[in-house]
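Encoded as structure tokens, the structure appears first; notes follow it.
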Amino acid sequence: GLVGAAVLGFPLLSLLSMAAFTLPTAASSDSAASNDDSFYRIVHLDCGRKYFSKDWIIALLNEMKADGYNQLQLAFGNDGLRFLLDDMSFTANGTTYSHKTVVSKVEAGNKLQNSSGDASWLTQSQMDEIISTANALGIEIVPLLNLPGHANAILDIADNSAYNASVYGTVSENTLNVTSDAACDFGYEIFKKYVDYFSAKGCKYFNFGSDEYGNDVGENPHFDVLNGTGYRKLSTFINRLAA
């Protein structure tokens with residue numbers, strides 16, 4: 001289905017199911033916007049919570065091209081983590097996480113993201129092909145790895161709750177604790193691996209969301225739990241990701 005959404009101020013179309021759909025035409029062929037590359041006509045695919053295959057995404061790219069869209073945001077890291085590099089090993093706070101460890105923890109975490117229990121993820125060669133196809137079609141790929149919230153699978157890699165945020169005394173399963181420098185370093189090291197990959201592939205933008213804090217505790221996001229010092233820690237972390 002198609003669901004309206006807003007991320008970082010951009011109006012987006014979020015594709016949240018594998019159901020058949022038809023994209024609305026973004027702009028008529030004779031309109032100024034249709035021929036002006038400064039206008040982004042965006043589809044946002046939440047492929048973190050739910051697995052979408054390489055072939056499905058390529059079919060989407062072709063339909064986007066036919067209907068005048070020119071940017072696809074791939075939210076591969078959104079609760080689940082549905083894209084893994086050939087080398088996922090990294091070191092944070094003196095602890096080295098092997099590729100095998102990261103993959104096994106992510107697979108286990110992905111199974112929990114939807115009722116199907118699907119642990120699947122895109123490989124680096126598959127993402128290479130997606131980006132190559134998008135380039136040929138004149139469509140930009142904008143990756144999204146959500147931090148500090150919606151980071152369930154990333155936190156699963158740590159295999160403990162030391163890096164999880166505490167929200168009014170309750171441990172959040174999906175939010176990195178921005179008040180902890182060690183937790184921020186852990187999230188940053190994973191984030192940097194993906195930024196390096198997508199930068200090398202020529203992607204100009206990278207979205208890290210930063211929406212909601214500990215929203216799995218109760219019904220609402222809880223940025224208010226951070227107060228003054230916590231807000232400064234949050235802004236420091238976000239600025240580090242942006243840099």
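The values are calculated or read from the model by the stated rules, or taken from the named source; none is laboratory data. Just so it is clear, the structure is predicted and the values come from calculations on it, not from any experiment. Please note: Cβ atoms are built from the backbone with ideal geometry, for glycine as well, and neighbour counts cover all protein chains shown. We work out accessible area using only protein heavy atoms, side chains counted, and drop any ligands, DNA or RNA first. Shrake-Rupley method; radii C 1.70, N 1.55, O 1.52, S 1.80 Å.
Please pull out the direction-averaged projected area of region 166-216, using the convex hull of its alpha-carbon atoms, in nm² to one decimal place.
Result: a mean projected hull area of 4.1 nm².
Taking every Cα atom in region 137-243, find the radius of gyration and the maximum pairwise distance Dmax, and write them in Å.
Considering region 137-243 through its Cα atoms, Rg and Dmax are 14.3, 49 Å.
Region 50-124 to region 215-243: how many Å between their Cα centroids?
What the calculation gives is 24 Å, centre to centre.
Counting only residues 5 or more places away or on other chains, whose amide H sits under 5 Å from the amide H of VAL167 once H atoms are built in the peptide plane?
For VAL167, the qualifying residues are SER172.
Determine the per residue accessible area of region 90-243 with all protein chains present and a 1.4 angstrom probe, expressed in square angstrom.
46 Å²
Each residue of region 161-169 in order: what ³J(HN,Hα) in whole Hz does its phi give by Karplus 6.51 cos²θ - 1.76 cosθ + 1.60, θ = phi - 60°, with x for Gly and Pro?
So the Karplus estimates, Gly and Pro as x, are 9, 4, 9, 7, 6, 9, 10, 6, x Hz.
Amide H to amide H under 5 Å from SER210: which residues, 5+ apart in sequence or cross-chain, H placed 1.01 Å off N in plane?
Hits under the 5 Å cutoff: LEU147, GLY149.
Calculate what fraction, in whole %, of the accessible area of region 90-243 sits on carbon and sulfur atoms when a 1.4 Å probe is rolled over the protein chains.
That share works out to 48 percent.
Mind ranking 72-83, 46-57 by how tightly packed they are, going by the mean number of other C-beta atoms within 10 angstrom, highest first?
Taking the mean over residues of other Cβ atoms within 10 Å, the ranking is 72-83, 46-57.
Between TRP56 and LYS100, how high is the FRET efficiency from 1/(1 + (r/R0)^6) when r is the Cβ-Cβ distance and R₀ = 25 Å? Nearest 0.05.
Result of the calculation: an efficiency of 0.35.
From the phi angles alone, apply the Karplus equation (6.51, -1.76, 1.60; θ = phi - 60°) to region 130-143 and give each ³J(HN,Hα) in whole Hz, x where the residue is Gly or Pro.
Taking θ as phi minus 60°, the curve returns 4, 5, 4, 5, 4, 4, 5, 8, x, 10, 6, 9, 10, x Hz for region 130-143.
Once phi is turned into θ = phi - 60°, what whole-Hz ³J(HN,Hα) does the Karplus curve with 6.51, -1.76 and 1.60 give for every residue of region 95-106, x standing for Gly and Pro?
10, 9, 9, 6, 4, 4, 5, 4, 4, 5, 5, 5
Quick check: pseudo-label points 7 Å beyond the Cα along Cα→Cβ at VAL195 and TYR231, how many nm apart are they?
Spacing of the two 7 Å Cα→Cβ label points: 2.4 nm.
So who's got an amide H within less than 5 Å of the one on GLN73, skipping anything under 5 residues away but keeping other chains? H placed 1.01 Å off N, in plane.
VAL43, HIS44, LEU45, VAL142
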